[in-house]
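What follows draws every value from the coordinates through simple rules; no lab data is involved. All of these numbers come straight from a predicted model, not from anything done at the bench. As a convention, Cβ positions derive from the backbone with ideal geometry for all residues, glycine included, and neighbour counts pool all protein chains shown.
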């Protein structure tokens with residue numbers, strides 16, 4: 001006998017709030033959710049830390065022309081190496097977690113991330129730094145689908161956006177730490193030691209949660225709907241202080257081609273906006289130092305150069321928590337569209353000012369005001385598409401393809417980030433100037449808002465409703481249990 005979703009109307013036969021997961025779906029935000037947030041969020045602390053720190057490290061290499069590390073020809077590759085290998089981590093870890101289970105591999109990506117950060121700090125030259133940052137990228141990539149999905153599957157429908165957003169909001173804390181560590185290291189340490197300390201500190205947060213990740217039980221939904229093990233699912237629900245009712249319902253098995261055929265519109269709606277958003281976010285983020293200098297002028301002090309480059313990131317930090325506060329109230333689609341359009345507005349305005357002032361915005365306004373307006377683009381990104389593109393894929397794919405779908409979406413984002421940092425942003429700035437670069441980013445943002453209209457709003461729905469999960473009953477659909 002089959003039960004499940006056949007349309008946008010949602011699941012039947014025990015998947016709604018009155019079904020096996022009804023108690024979990026109606027839970028308020030609890031202390032147990034905070035533990036999930038801490039366990040899942042440290043990878044994103046490191047992700048944001050890494051984003052700013054590599055820009056600061058490149059600034060140090062260029063300012064002091066450090067032997068063995070100063071190489072303008074490899075600058076773009078150094079900036080993007082971890083981004084491209086993150087694609088590998090997102091795709092591989094995402095698929096493994098759907099086949100073998102979330103717990104099976106959770107914590108391994110944090111260990112890889114930590115190893116890459118530590119090894120980077122001891123690199124003998126820029127080529128080894130590229131290798132070690134590539135290892136770091138694999139760990140960062142693996143963290144995306146795993147942490148997002150685990151947070152989503154442990155959440156209730158009314159608080160799911162908040163918890164997954166809070167996991168991602170650790171990027172804000174990582175940004176603050178990166179600015180503080182980079183500025184302090186440059187101010188108080190010799191250049192060759194300063195960048196190594198800044199690189200190595202990134203290993204600490206990931207190391208701190210490896211044990212917690214290995215101890216976290218398999219999620220209730222994976223245990224019940226994929227393994228058919230309701231005893232394991234009840235133990236996992238007990239972590240939240242919740243109960244499961246009934247058993248026997250599992251997720252229908254479908255092949256990969258069938259999944260793509262059924263969810264191709266959803267794939268477009270989660271991959272394309274993330275791809276476009278990351279072109280802007282990473283392109284402007286990693287080259288923040290040179291972009292800010294183009295707006296406010298060059299600073300005579302490398303400490304001030306790094307600090308000023310960090311200001312847009314710091315302005316963006318409240319954006320993460322604005323998203324946390326609003327995402328379950330206004331919905332994912334509205335927040336994402338609004339963020340994209342706000343980004344476009346800032347880019348158009350700043351591009352116009354640069355064009356009419358011949359690249360010297362200080363002719364039109366004080367430097368601090370120009371920097372403040374430009375920095376609002378980071379607030380708009382973090383309050384909108386930077387957060388929502390992470391949250392949505394953890395909700396809109398069925399349980400057997402949830403980390404796969406998130407991994408594909410995140411990989412497309414990192415592909416956009418790599419293209420932006422290695423090719424598009426450097427080419428546009430060098431060939432056409434900063435004003436044209438910002439105009440192109442405005443167009444990209446508008447396209448991102450338009451594609452977001454394809455999304456089916458998941459806010460307030462159960463995961464089975466949001467993903468249009470097709471459920472069945474019967475032992476024939478239950479795979480053999482896996483021991484970890």
Task: Cα-based helix-to-principal-axis angle, 230-239 vs the chain, degrees rounded to 10 - done: 50
Open item on the list: For the chain, take the longest principal axis of its alpha carbons; what is the angle in degrees between that and the long axis of helix 367-383, to the nearest 10 within 0 to 90?
Closed with: 10
Open item on the list: Using a 7 Å offset from the Cα along the Cα-to-Cβ direction at both residue 303 and residue 30, what is the distance between the two label points in nm, to one decimal?
Closed with: 4.9
Open item on the list: Given an 8 Å cut-off on Cα distances and at least 6 residues of separation, report the relative contact order of the range 192-247 as a percent.
Closed with: 23
TODO: Would you calculate, for the chain, the mean residue ellipticity at 222 nm contributed by helices, counting each DSSP H stretch of 4 or more residues as -39,500 (n - 2.57) and dividing by all residues, to the nearest 500?
DONE: -23000 deg cm²/dmol
Open item on the list: Angle check, please: helix 191-200 long axis (alpha carbons) against the longest principal axis of the chain (alpha carbons), in degrees 0 to 90, nearest 10.
Closed with: 10
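What FRET efficiency do you get for residue 369 and residue 443 if R0 is 35 Å and r is their Cβ-Cβ distance, rounded to the nearest 0.05?
Result of the calculation: an efficiency of 0.90.
Going by how many other beta carbons lie within 10 Å of each one, how would you line up 414, 363, 103, fewest first? Don't jump to the answer; show the numbers that get you there.
On the way: 414 28, 363 10, 103 23.
Lowest to highest Cβ neighbour count: 363, 103, 414.
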TODO: With a point put 7 Å past each Cα toward its Cβ, work out how far residue 65 is from residue 356 in nm, to one decimal.
DONE: 4.1
Open item on the list: Can you give me the C-alpha center-to-center distance between the range 161-175 and the range 292-329, rounded to a whole angstrom?
Closed with: 16
- [ ] Answer with a single label: of (1) 71, 44, 39; (2) 81, 50, 48; (3) 82, 60, 47, which was calculated as Cα extents along the principal axes in Å from the structure in view?
- [x] (1)
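In what order do 400, 133 fall by count of nearby beta-carbon atoms within 10 Å, going from fewest to most?
Starting with the residue having the fewest Cβ neighbours, the order is 400, 133.
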